[in-house]
Amino acid sequence: MAASPTDAAIAVTRLGLGARPGEIDRVAADPRGWAVAQIRRDGAPQPTGDFTPSEQRMAEFLAYQTSQAQSRTDGATGDAAEPTAAATRQARQAERRDITEDTAQAFLARARLGAETERGFAERWALFWANALTVSAVRFSSGAFIDQYEREAIRPNVFGRFEDLAIAAEQHPAMLLYLDQVRSAGPDSRAGTRRKVGLNENLAREMLELHTVGADAGYTQADVTELARALTGWSTPGRQDPQGARQSARQIEVGRNGFVFRANIHEPGGRTVLGKTYPQAGKAQGEAILRDLARHPATAKRLSRRIAAHFVSDTPPERLVARLEAAWTESDGDLTQVARALVEAPETWTPQLAKIKTPYEFIISTHRTLNSRPERILPLRQALVTMGQPPFAAPSPEGWPDTAADWAGPDALVKRLNWAQSAAAVARLSDVDAAAADALGDRLSERTRLAVARAESRTEALTLLLMSPELQRR
């Protein structure tokens, strides 16, 4: 299909994160090819800079937990006034600050990637899946691993099979800690018969409701409980665990990225979920159920609609949803084929500005317009907190909302305007007219062009550009 004059602008502003100077011209010859070329089996781009793998982060996290436990012991025995207790408390606080600051710097690295990447579609695709399979830093324990989660579980798998992405996400320490799976134990397991322990159904419930088939699939509370029983044993390393890759005495099997399976807390017996029975198979029992959920037609239907709603419209065209669902089903959940179907669908290329940007998308697209990048975490964090989208901190397992109703209220727009004015005042940009043409191409309306051209100052002109419908929406 021949590209229209607006297709290049649609490609980098709707499928991507916004246009950098000259980018629209660079992709104009083949906008669809620009997006398709980013669909790679090795996944989405990774932020640059220092990175702490999950195994190392787990050691730091367990050290923090050890010092925290020691502090509680000192307080209970009346030793809190001793100098050693004060030193322990200070060390614990320093360990927590180090982990928190490392997570903050990881978010800054991710924002810099968004501001500078040439693979805008792959980055948006990765952000979509990180939100669809949300882990949030609203809890310190999960927030400590959220950068590792995106780098190890999400980004490498976003152009592979969905079932592999789901397994990597659900078994990552960030998810296991966020949804309390580490607290779940089978009442009839070897450990459960010796001490009072019980199921925690959080991971099982969100796996069914949000991550795979959804409520419309007709699962029951019994399915949630059965899945929770199958998942018992999925856990993370503990402070008292012995060292070694496999500890037969404690029945601990070590997997990837800090995942461990604890056979002594796995609920014995077969499990029945959505009418299918799975025999007792330890760790593999939960994996088999999750793979079937990932392949379920209801999963294809629900997530295809969510993809269409994210990329194209809050009320996506039914033909687009059907195309994505067909690609998903025919390829057995190959996200490479689903991404290709999105890029190749004519409904993706309609000129209407149907999606409002989230605060994060607005800030990143502004940096791309200005050919700049976030330099410090503090102002970036403050801007996102003010606009209602704190770094790495989705309010619930549902992830960040994705509709105009959630982000375009009067108070929200005032906060965007205040930030736009501040950004415009310090921007190193001399020709706002050229910046407008670079950022929007054929999507630049005559009304916005004239408003920018007639502004009384460079700051006013740039503010008008940043707050224009064309830059607020995609």
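Condition check ((1) in the same structural domain as residue 152 (by TED's automatic domain parsing); (2) among the charged types (D, E, K, R); (3) under 30 Å from residue 324 (Cβ atoms)) across all residues:
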{"residue": "197", "(1), (2), (3)": "no, no, no"}
{"residue": "208", "(1), (2), (3)": "no, no, yes"}
{"residue": "223", "(1), (2), (3)": "no, yes, yes"}
{"residue": "239", "(1), (2), (3)": "no, yes, no"}
{"residue": "252", "(1), (2), (3)": "no, no, no"}
{"residue": "255", "(1), (2), (3)": "no, no, no"}
{"residue": "264", "(1), (2), (3)": "no, no, no"}
{"residue": "278", "(1), (2), (3)": "no, no, yes"}
{"residue": "283", "(1), (2), (3)": "no, yes, no"}
Check your understanding: Pick from the range 421-443 the residues that are within 23 Å of residue 408 (Cβ to Cβ) and free of Cβ contacts under 8 Å to residues at least 60 places away in the same chain: which of them is surrounded by the most Cβ atoms within 10 Å (Cβ to Cβ)?
Key -> 436
Point to revise | Residues satisfying the stated conditions in the range 116-142, i.e. touching a helix residue (DSSP H, G or I) at 6+ places or on another chain (Cβ under 7 Å) and either part of a loop (DSSP other than H, G, I, E, B) or without any contact (Cβ under 8 Å) to a residue 12 or more places away in the chain (or both) | key: 117, 133, 135, 136, 137, 139
Exercise for review: Identify, by number, the condition in (1) surrounded by 17 or more Cβ atoms within 10 Å (Cβ to Cβ); (2) over 16 Å from residue 102 (Cβ atoms) that residue 64 doesn't meet.
Suggested key: (2)
Study note, to complete from the structure: Among residues of the range 30-59 being surrounded by fewer than 18 Cβ atoms within 10 Å (Cβ to Cβ) and over 23 Å from the mean Cα position of the chain (by Cα), the residue farthest from residue 339 (Cα to Cα) is 59
Review point. Do we have residue 256 as modelled with pLDDT under 95, of a type outside the set (Val, Ile, Thr) and within 20 Å of the chain's Cα centre (by Cα) here?
Key: yes
Review point. Part of a helix (DSSP H, G or I) and either within 26 Å of residue 108 (Cα to Cα) or in contact (Cβ under 8 Å) with a residue 12 or more places away in the chain (or both), is that true of residue 455?
Key: no
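With the requirement that a residue be out of contact with any Ser or Thr (no Cβ under 9 Å at 6 or more places or on another chain) and farther than 15 Å from residue 131 by Cα, what does the range 157-167 give you?
Filtering the range 157-167 down to residues out of contact with any Ser or Thr (no Cβ under 9 Å at 6 or more places or on another chain) leaves 157-158, 163-165, 167.
Residues satisfying the conditions are 163, 164, 167.
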Practice item. Check every one of the helices (runs of 4 or more DSSP H) wholly within the range 333-425 and list those with 1 or more residues that are under 28 Å from residue 118 (Cβ atoms) and basic (Lys, Arg). Key: 335-344, 359-370, 377-386
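The values are calculated or read from the model by the stated rules, or taken from the named source; none is laboratory data. Everything quoted here is computed from the prediction, not taken from an experiment. All Cβ positions, glycine included, derive from the backbone under ideal geometry; neighbour counts span all protein chains shown.
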